[in-house]
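The values are calculated or read from the model by the stated rules, or taken from the named source; none is laboratory data. As the structure is a prediction and not an experimental result, all values here were calculated from the model. Cβ placement follows ideal geometry from the backbone for every residue including glycine, while neighbour counts extend to all protein chains displayed. With ligands, DNA and RNA removed, areas are computed over all heavy atoms of the protein, side chains included. Shrake-Rupley method; radii C 1.70, N 1.55, O 1.52, S 1.80 Å.
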Amino acid sequence: MMDKKAVAKALERIASLLELKGENPFRVRAFTTAEHAVSSLSGTLEDALADGSLAGTKGVGPATLQIVQELVKTGRSTVLEELQEQVAPGLVEMLQISGLGVAKVRQIHETLRIETIAELEESARDGSLARLPRFGAKTAENILKGITFLRQASGFRLAHHARDEAETLSRALAALPGVQWVEPSGEVRRRMEVVRELVLIVVADVPPADLFERLARLPGVSEFSGRDERQVTLRFAGAGAARVVVTNPANAGSVMVRTTGNETHLEQLTAHAKQLGHSFDATALWKGSTFVPTPDEDAVYRALDLSTIPPELREGHDEVARAAAGTLPTLIERSDLKGLLHCHSNYSDGGTSIEELALACKAEGYTWVGLTDHSQAAAYAGGLSPDDLQRQADEVDRLNARLTGIRILKGIEADILQGGAVDYGDEVLARLDFVIASIHSRFGMGREAMTARICRAMEDPRVTILGHLTGRLLLTREAYQLDQDRIFEEAGKRGVAIEINADPQRLDLDWRVLPAARKAGVRISIGADAHNTAGIRNMEFGVGIARKGWLTKGEVLNCLSADEFLAVARSRI
């Protein structure tokens with residue numbers, strides 16, 4: 001049951017273990033290269049093995065190919081298991097702490113003989129870690145923060161990883177005899193930004209016990225637990241766990257509703273059902289002692305005199321009351337988007353040309369694309385000098401004259417500098433159609449200083465959008481400290497939009513604060529933060545966050561035509 005992401009993860013782990021052991025750097029690099037090759041495959045891993053294309057892929061040698069074949073066939077790797085026996089598991093866990101690479105983990109292990117996170121935490125507190133060369137008190141303090149964050153994040157998956165795992169497992173379950181259809185539920189279906197538990201609903205016309213026996217024999221299943229008469233938890237080698245719930249077709253809607261909403265939502269729904277003389281327990285909907293057939297979710301909501309509540313809203317706020325009153329909003333859909341914002345070409349740190357990005361956006365149904373390479377302060381990301389920016393603008397003009405069905409807008413992702421000034425002067429920014437202003441440095445500023453920095457940036461009339469406002473990297477880096485309510489007030493007053501960054505590692509703004517932003521009059525944009533054509537598909541995750549924040553298409557800049565968007569940008573000047 002190992003797809004290419006799980007196999008790539010296993011290869012990456014092998015490389016890390018070899019490096020921690022101090023193995024030959026060429027051998028380490030071989031596995032790192034193979035991991036990149038597997039991750040970059042356009043099709044499925046099974047097809048690439050079957051047709052021999054993986055064997056001919058640059059970076060995949062005979063040794064790594066054999067390991068890939070073993071992983072796909074059995075869900076296990078003998079090499080990986082042997083290395084895991086030889087390297088303390090705590091050392092690998094330390095690599096997940098922000099700021100700790102292999103070299104530092106080896107230094108810690110070889111100098112202080114530390115092998116666990118608990119020992120590392122103690123050394124950071126007693127001062128021994130700070131005394132190591134190239135460490136110091138600040139590094140020790142950051143490691144303590146990283147340990148706390150790691151413990152909080154442990155067990156979660158990013159949204160795109162969870163979705164991919166759920167889709168892979170769904171295909172395997174759907175192929176089993178007796179299964180009619182399979183659908184992911186729970187946090188994946190609610191489009192949460194991080195997912196602790198995969199839940200899949202299997203609608204079958206065979207007894208659950210028979211199906212469970214087949215599940216236990218799926219490739220890669222390493223553990224089979226938590227079984228009762230209708231559900232079981234499967235654990236996979238190298239690919240987490242999933243709870244599989246089996247139901248018959250007549251009850252599928254009730255099971256979907258029960259497994260999708262969070263606890264508070266279900267409590268509200270159960271209380272509403274009780275007021276109508278229904279009971280909505282863990283398995284079905286009843287009217288007194290009479291079973292109510294619910295082949296789909298709409299049947300559940302009809303029986304309870306409710307509008308159907310979109311899965312993204314089932315978070316236990318006032319969605320049940322609004323469904324009863326018929327006042328749920330019509331949420332934004334991916335099909336409402338006309339423009340793609342926030343993408344990087346090979347002028348800075350992107351991997352594709354402007355034309356390739358534009359044509360890929362056109363193929364996805366967009367009519368305009370806002371190009372935003374990095375500004376000159378972001379030298380680490382190939383930030384553009386004013387001359388580079390002019391050269392890019394000339395290319396955009398030539399492309400717009402030649403291409404049909406897609407319009408390229410000239411933008412920039414300009415750094416907000418330490419004092420709040422926006423990278424480049426007004427003379428350079430005036431050449432552009434719009435500006436996304438983002439922070440990429442000095443994340444450790446205090447709450448007041450960071451808030452003032454962002455508010456000062458909004459004073460620049462060339463700034464159209466604030467990018468990835470809080471700087472968070474999900475499961476990796478916490479948001480920096482700032483007063484979001486003050487920023488929302490200032491943005492609403494000045495007409496500056498704020499981005500939902502759709503990169504699955506960011507998904508920033510947090511959906512929980514979107515109602516406050518809306519109340520302050522803030523317009524929202526959805527930014528793909530695409531660095532290649534595949535990144536264009538990040539937009540679906542941004543739409544998911546917008547929907548969770550109760551946004552409609554009238555509140556999102558991407559739903560405007562190019563001319564309408566440009567009018568918004570120019571209204572600040």
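Results, tabulated for the structure shown:
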read-out: Answer residue from segment 86-116, given it is among the β-branched types (Val, Ile, Thr) and open to solvent by 50 Å² or more (accessible area, probe 1.4 Å) and is farthest from Glu12 (Cα to Cα) among those; value: Thr111
read-out: Residue within segment 396-411 that is at pLDDT 95 or above, part of a helix (DSSP H, G or I), in contact with a Lys or Arg (Cβ under 6 Å, 6 or more places away or on another chain) and among the acidic types (Asp, Glu) present; value: no
read-out: Some residue of segment 98-113 being in contact (Cβ under 8 Å) with a residue 40 or more places away in the chain and polar (S, T, N, Q); value: yes
read-out: Residue ID - surrounded by the most Cβ atoms within 10 Å (Cβ to Cβ), chosen from residues in segment 472-514 that are among the small types (Gly, Ala, Ser) and within 22 Å of Leu340 (Cα to Cα); value: Ala502
read-out: Residues (out of contact with any Cys (no Cβ under 8 Å at 6 or more places or on another chain), hydroxyl-bearing (Ser, Thr, Tyr) and under 17 Å from His342 (Cβ atoms)) located in segment 354-401; value: Tyr366, Thr367, Ser375
read-out: Verdict on Arg163 being of a type outside the set (A, V, I, L, M, F, W, C), open to solvent by 30 Å² or more (accessible area, probe 1.4 Å) and under 21 Å from the mean Cα position of the chain (by Cα); value: yes
read-out: Residues within segment 552-571 that are polar (S, T, N, Q) and under 13 Å from Ser525 (Cβ atoms), tallied; value: 1
read-out: Top-ranked residue of segment 387-407 - restricted to ones that are of a type in the set (Gly, Ala, Ser) and out of contact with any helix residue (DSSP H, G or I) (no Cβ under 9 Å at 6 or more places or on another chain), ranked as most open to solvent (accessible area, probe 1.4 Å); value: Ala401
read-out: Boolean, Thr111 is over 24 Å from the mean Cα position of the chain (by Cα), β-branched (Val, Ile, Thr), farther than 30 Å from Phe212 by Cα and assigned to a helix (DSSP H, G or I); value: yes
read-out: Within segment 183-298, helices (runs of 4 or more DSSP H) holding 1 or more residues that are surrounded by fewer than 18 Cβ atoms within 10 Å (Cβ to Cβ); value: 208-215, 263-275
read-out: Leu566, sole failed condition from (1) aliphatic (A, V, I, L, M); (2) out of contact with any helix residue (DSSP H, G or I) (no Cβ under 8 Å at 6 or more places or on another chain); (3) modelled with pLDDT under 95; value: (3)
